[in-house]
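These notes are about the structure you will find just below.
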Amino acid sequence: MRIFDPHIHMTSRTTDDYEAMYAAGVRAVTEPAFWLGQPRTSVGSFCDYFDGLLGWERFRAGQFGIRHHCAIALNPKEANDPRCVEVLDVLPRYLAKDGVVAVGEVGFDSMTADEEKAFTHQLQLAAEHDLPVLVHTPHRDKAAGTRRTLDLVAESGLPPERVLVDHLNELTVRMVAESGCWMGFSIYPDTKMDEHRMVAILREYGLEKMIVNSAADWGRSDPLKTAKTGQAMLDDGFGAADVDRVLWRNPVEFYGQSGRLLIDDAGADGADGADPAATFQGNSVLRGQRPTGTEEG
Amino acid sequence: MSTREARSAPDLDATASRRLDELVQELADDPRRISTIFPAVARRVARGPADPDDPDGVKRPRLEDQARTALLAALASMWADDPERFTHELAQLYRYGDADEKRAVLRALSALDTGAGMSAVSLPLVEDALRTNDVRLVAAAMGPYGARHLDPDSWRQGVLKCLFVGVPLDAVAELGARADTELARMVADYCRERAAAGRSMPADAWRVLDRFGELGRDLRTAGTAPGVSGTEAATTGRET
C-alpha cells in the first residue's frame, strides 16, 4: 500500500511518527499551514512557520524517506486577528516557491465577515499563482459553512476541480459532490470521521474525487488513519487498485495540478505493479526539468 | 541572451537560455515581480548541477544558481539609479528565500559586489548563512564574496565550520591566500579534540596543516589517520 497523506501537520509530530508512517506505506505528504493551538500575534511568527514548512520540515521528512509538500495560507481562525491579517501581503512570495502545491487551509471557522474577506482574497491569490486550494470546513455549523464555502468558490470563478473541500461528513458530502469540487475526509480517533463510516461513503459515492487524510496534528489524532482506512476498504471487499486510487492516485492528481509535486520515485513500490511514472506524467514541471531522478527539490 | 546574462550563466543550454530571456523580459516589464519570479527560476529555467561531479554546486554554481545570478544582475541594472531599492530587495529575497534561493543570493553576491552600500546589506547575509548548519549555505558563504569581505575571525570560523559540517575545502575561495597560523592552530586543536574522542579527522584538515608543518606534527606522529569527516551535524542538523 503506497500512501500520500494529503493533509497532515507534521510540525506537531515526532520522528517515531515518521518511522511508523513510512512502515505503513506513507511516501509523500502535504502539510497545510494552520493554527498552532497557541495564537500567533505577528506576521513574523507566520513567516518563521512558513519557512519551517518549506525548510526544516521538508528536510526532516526526507530523512525518513517521505516527500514533504506544503500549502500556504492565512488560516480562518487567525483571519479574525488584525495583527495577523497583514500576512496576506507576504503570501505571494511563498506561493511562488517549489514544493508549495496549494493555497490552504483557507475557509471558515466562525463564519465572520473578516474570515470571508480573507477567504475570498486567497481564492484570488490561488488563481493568480495557478495553484489548487485546500478548504477547511468549520467544526461548528458545518453544513451552513460548507454551503457558503461552495457559493464563494463558485463566485470566484475557480474551476471546481481545483478546489478540495475538507473535513466532510455524511451531512455535507452530497452538496460538495454536486459542486464538482474534490471531497476530503479527515479520519480521526473520536471526531470528524472514522474509517468504517468512510468506507460506507465510498460505497455510496464512488471513488472519483475522493480524498482521505489523517489531518494529524497536536490534538488527539493518528497519523496511521490513512493506512487503517485502506485496510478497512480491503476488509470490505474493495480491491488493491481501489485503495491505491484513494490513497495515492487521487491526491497526486489533485495536487499535481500545481505542477510542483516533488515526487518522482517516491511511489515506486506501489500497489499492483502500477507504473508510478505514468501517474505523474505531465503533472510535474519540476520533474520534467530535472536532469536526474535523484535531485532534491 | 545578453552578454551580461551569458557571463552570469555560462552553463545554460539554448532552451534554458531562452527561458531565462523570457524571465528577464517579464522582469523588465515590472521589476517588482522579482519577488515571485526569483523563487520560480528552477522550475521555469533549469535545475541541476553544472558539473556532474559536483552535485551540490560546491565548486561550480548549479544551473538554477547561475540563472538567478543573471536575474539579479539584470535587476541591479534596471534599478541602477536607485541602488538602495535593489539592496533592500536583495535582502528580502534572502529573508524569504528557501535554502535554494538563499544559496543563490549568496552565490550572486560576488557578481553584484559594487561598493560599500552593497556590503552593508550583503555581509550580514553571509554571516547569517555561516550561523546555519546547512552545508549548501555554508559552502556558498565561503565563496569569493566571503573571501573578499569576511573579517579574519569570521573567515577562520567559517573554514573550521566547513571541516565540522563536512563542506569540502574546495568550496573555500582564496584558501591558500587567506590561511594563516591562527587558522592552522584552530584546525590542529579541532583534530586533537576528535582524536581524543577516538574519531577520525577530516582529510581536508591537511590542506591547512600541511602549509604550517609545526602545528600539526603531533597529529602525524600520533598516527591519526585522515578519514571521513564529521558530518553528523550536517545530516541531522541537531548541533547548533
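Structure summary
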quantity	calculated
Residues being assigned to a loop (DSSP other than H, G, I, E, B) and more than 19 Å from A:Ala215 (Cα to Cα) - total across segment A:148-180	5
Close pairs (8 angstrom Cβ cut-off, 6 or more residues apart or separate chains): outside any helix (DSSP H, G or I) in segment B:184-199, modelled with pLDDT under 95 anywhere	B:Arg199/B:Gly230
Complete set of residues in segment B:81-131 that are away from every other protein chain (no Cβ under 14 Å) and touching a Phe, Trp or Tyr at 6+ places or on another chain (Cβ under 8 Å)	B:Arg85, B:Phe86, B:Leu106, B:Leu109, B:Ser110, B:Asp113, B:Ser122, B:Leu125, B:Val126
Hits in segment B:14-30 - residues which are assigned to a helix (DSSP H, G or I), open to solvent by 20 Å² or more (accessible area, probe 1.4 Å) and over 9 Å from B:Ala74 (Cβ atoms)	B:Ala14, B:Thr15, B:Arg18, B:Arg19, B:Asp21, B:Glu22, B:Gln25, B:Glu26, B:Asp29
Selection from segment B:108-133 of residues that are in contact (Cβ under 8 Å) with a residue 40 or more places away in the chain and open to solvent by 40 Å² or more (accessible area, probe 1.4 Å)	B:Ala111
Residue in segment A:182-192 that is part of a loop (DSSP other than H, G, I, E, B) and closer than 21 Å to A:Gly256 by Cα present	no
Residues located in segment A:234-279, provided they are among the acidic types (Asp, Glu), assigned to a helix (DSSP H, G or I) and modelled with pLDDT of 65 or more	A:Asp235, A:Asp242, A:Asp244, A:Glu253
Output for segment B:36-53, where each listed residue is without any contact (Cβ under 8 Å) to a residue 24 or more places away in the chain, open to solvent by less than 10 Å² (accessible area, probe 1.4 Å) and more than 7 Å from every other protein chain (Cβ to nearest Cβ)	none
Hits in segment A:80-134 - residues which are of a type in the set (Ser, Thr, Tyr) and within 12 Å of chain B (Cβ to nearest Cβ)	A:Tyr94
Members of segment A:53-79 that are in a helix (DSSP H, G or I) and either closer than 16 Å to A:Gly104 by Cα or of a type in the set (D, E, K, R) (or both)	A:Leu53, A:Leu54, A:Glu57, A:Arg58, A:Arg60, A:Glu78, A:Ala79
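Residue by residue, here is whether (1) open to solvent by 10 Å² or more (accessible area, probe 1.4 Å); (2) touching a Leu at 6+ places or on another chain (Cβ under 7 Å) holds:
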position	(1), (2)
A:His69	no, yes
A:Leu74	no, yes
A:Asp81	yes, no
A:Val87	no, yes
A:Ala102	no, yes
A:Ala127	yes, yes
A:Leu131	no, yes
A:His136	no, no
A:Leu150	yes, no
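The values are calculated or read from the model by the stated rules, or taken from the named source; none is laboratory data. Computed from a prediction, not measured in an experiment: that's the story for all the values here. As a convention, Cβ positions derive from the backbone with ideal geometry for all residues, glycine included, and neighbour counts pool all protein chains shown. The area values use the complete protein model at the heavy-atom level, side chains included, leaving out ligands, DNA and RNA. Shrake-Rupley method; radii C 1.70, N 1.55, O 1.52, S 1.80 Å.
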